[in-house]
1. Along each of its three principal axes, how wide is the spread of alpha-carbon positions in the range A:41-113, in whole angstrom units, largest first?
2. Taking amide H positions as placed 1.01 Å from N in the peptide plane, with prolines and chain starts having none, which residues 5 or more places from A:Gly107, or on another chain, fall under 5 Å of its amide H?
3. If R₀ is 22 angstrom, what is the calculated FRET efficiency for the pair B:Ala29 and B:Ser108, using the beta carbon separation as r and rounding to 0.05?
4. What is the sum of charges around B:Ser108, taking Lys and Arg as +1, Asp and Glu as -1, for the other residues whose C-beta is under 11 Å from the C-beta of B:Ser108?
5. Which of A:Leu110, B:Leu46 has the fewest other C-beta atoms within 10 Å, and how do the rest follow up to the most?
6. Under the rule of at least 5 residues apart or a separate chain, name every residue whose amide H is placed under 5 Å from the amide H of B:Asp7.
7. Would you list B:Thr50, A:Thr14, A:Thr111, B:Thr105 from fewest to most Cβ contacts within 10 Å?
8. In whole Hz and in residue order, list the ³J(HN,Hα) couplings for the range A:76-87 that follow from phi through the Karplus curve 6.51 cos²θ - 1.76 cosθ + 1.60, θ = phi - 60°; x for Gly and Pro.
Amino acid sequence: KAGVTQTPRYLIKTRGQQVTLSCSPISGHRSVSWYQQTPGQGLQFLFEYFSETQRNKGNFPGRFSGRQFSNSRSEMNVSTLELGDSALYLCASSSQGGDTEAFFGQGTRLTVV
Amino acid sequence: QKEVEQDPGPLSVPEGAIVSLNCTYSNSAFQYFMWYRQYSRKGPELLMYTYSSGNKEDGRFTAQVDKSSKYISLFIRDSQPSDSATYLCATVGGGNTPLVFGKGTRLSVIA
């Protein structure tokens, strides 16, 4: 059974640009959550999508957005990139979200210069 | 106060040692507890998932939950150099609330 796939693995962007990251969940999983991981803050929750609807949202500015497609694949977008957005962005897939087991992808390493 | 507190380490132990990793949490609504292992430049890997207070064992790994003191632990027996990684505790309440993570403890097992 294929795991969670995130693309691309690495990205370098310039301040002010925008970026789109992609996550393909485990087959049959309907919940996709996105996290930002930095050395100082650890894993911080961005948002969760379930059946194409945003179900939960963390405390991030509106520059961070996402969506989920009918096949459960999800994308997140960051507009007007800032240096502080440099981080490892992880997505987690689970069957129902909430208290069901969550499995992570390898992450996308975003560097903003 | 963060919802989940975890000592970041680093923790360095000799091969074969018993490792104890710990987290405390503040919210009594948290009911489910997980431990993830994250190797450098990789995503977190689910190691243990438990609900009730008490112990859950899987090979060399034992997860322990004490809901009365809001304390969760992961024990690694006969530690190996391949156990060198960052260990993240996570918890969640019921319903559809998101996971809350500790900041992770970096472990090095020295051969």
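Taken together, the values in this text are just the output of simple stated rules run on the coordinates, not laboratory data. All of these numbers come straight from a predicted model, not from anything done at the bench. Cβ coordinates were reconstructed from backbone atoms using ideal geometry, including for glycine residues, and neighbour counts include every protein chain displayed.
1. Here the spans come out as 36, 21, 20 Å, largest first.
2. It is A:Gln6, A:Cys91, by chain and number.
3. My answer for the efficiency is 0.05.
4. Counting the neighbours of B:Ser108, the net charge comes to -1.
5. Fewest-to-most ranking of A:Leu110, B:Leu46: B:Leu46, A:Leu110.
6. Counting only residues 5 or more places away or on other chains, the set is B:Asn22.
7. Fewest-to-most ranking of B:Thr50, A:Thr14, A:Thr111, B:Thr105: A:Thr14, A:Thr111, B:Thr50, B:Thr105.
8. In residue order, the calculated couplings are 10, 10, 10, 9, 6, 4, 10, 4, x, 7, 4, 5 Hz.
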